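Novice: Mind having a look at this structure? Questions to follow.
Rule-based calculations on the coordinates, nothing more; no lab input. On a predicted model such as this, the values are computed, not experimentally measured, just so you know. Heads up, the Cβs are rebuilt from the backbone with ideal geometry, glycines too, and the neighbour counts pull from every protein chain shown.
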Amino acid sequence: MIAPSDRTPLPREFFDRPVLEVAPDLLGRLLVRTTPDGPITLRLTEVEAYDGPNDPGSHAYRGRTARNGVMFGPPGHVYVYFTYGMWHCMNLVCGPEGRASGVLLRAGEIVEGAELARTRRPSARSDKELAKGPARLATALDVDRTLDGTDACAADETPIRILTGAPTPPEQVRNGPRTGVAGDGGCGQAHPWRFWVADDPTVSPYRAHVPRRRRS
């Protein structure tokens with residue numbers, strides 16, 4: 001049962017901070033995805049930070065494009081991209097307008113609306129796997145490019161909203177290299193910007209970056 005106090009929407013000021021402050025602070029927060037078929041609520045358990053011009057792993061590292069334009073807009077908006085020709089991934093824009101930093105939502109626990117999420121993720125072997133990974137999370141929540149630019153802090157009804165939830169205590173937060181990002185492998189000293197809730201079964205497994213082989 002989610003307490004009424006946990007359902008307070010996070011204000012835009014929450015996201016208007018450095019991305020490395022916002023990312024771990026999102027753990028334990030609630031994401032509500034409202035669809036025509038009903039709402040789904042997810043507790044965030046794993047995220048990754050991307051710091052725009054300071055981060056070669058960021059989509060915004062080389063500047064603004066048609067694809068990443070939302071990242072340069074106001075904080076608190078949703079940035080959705082399509083990857084590998086198959087999957088969508090969802091991010092939350094952070095920092096001041098024009099800074100282009102964001103947090104990739106990697107995994108979470110479906111706490112309400114699991115029945116609906118299961119219809120979108122029929123291959124999941126258990127509810128713990130419904131949103132275990134960024135593509136699975138987006139699929140379970142029915143997120144695609146039509147939601148790119150959604151204002152999660154809008155005063156009126158919005159299809160995606162982030163609620164206060166129950167923030168994860170700092171002693172339960174872990175961090176390390178980002179999954180599959182060049183330069184984040186090994187000890188992860190370059191960008192240990194993946195944050196997750198310790199020992200949570202919905203957190204996705206870490207995979208190091210594997211360079212693509214050029215065809216001869």
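Novice: Plugging the Kirkwood radius over Cα pairs into Stokes-Einstein for segment 48-111, at a temperature of 37 °C and a viscosity of 0.692 mPa s, what D comes out in µm²/s?
Specialist: Translational diffusion coefficient: 275 µm²/s.
Novice: Taking H placed 1.01 Å from N in the peptide plane, check which residues at least 5 places from His59 or on another chain put their amide H under 5 Å from its amide H.
Specialist: Excluding prolines and chain starts, which carry no amide H, there are no hits.
Novice: Report ³J(HN,Hα) in whole Hz for each residue of segment 34-51, in order, from the Karplus equation J = 6.51 cos²θ - 1.76 cosθ + 1.60 where θ = phi - 60°; Gly and Pro get x.
Specialist: Karplus values, whole Hz, x for Gly and Pro: 9, 10, x, 8, x, x, 10, 10, 10, 8, 6, 10, 7, 9, 9, 9, 10, 10.
Novice: A further question follows. Amide H to amide H, which residues 5 or more places from Leu163 or on other chains are under 5 Å from it, using H placed in the peptide plane?
Specialist: Leu10, Leu30, Leu31, Val32
Novice: Give me the one-decimal nm value for the distance between modelled label points at Glu21 and Arg64, 7 Å along each residue's Cα-to-Cβ direction.
Specialist: Taking the two extended label points, one gets 2.5 nm.
Novice: Report, in debye and to the nearest 20, how large the dipole of the chain comes out about its Cα centre when Lys and Arg carry +1 and Asp and Glu carry -1 on their Cβ.
Specialist: Charge dipole of the chain: 1140 debye, to the nearest 20.
Novice: A further question on this structure: List the residues whose amide H sits under 5 Å from the amide H of Thr35, counting only those 5 or more places along or on another chain, with H placed 1.01 Å from N in the peptide plane.
Specialist: Ile40
Novice: Moving on. Taking the alpha-carbon centroid of each part, what is the distance from segment 61-123 to segment 144-201 in angstrom?
Specialist: With segment 61-123 and segment 144-201 each reduced to a Cα centre, they are spaced 10 Å.
Novice: Evaluate 2.2 N^0.38 Å with N set to the residue count of segment 70-190, then give the Cα radius of gyration divided by it.
Specialist: 1.13
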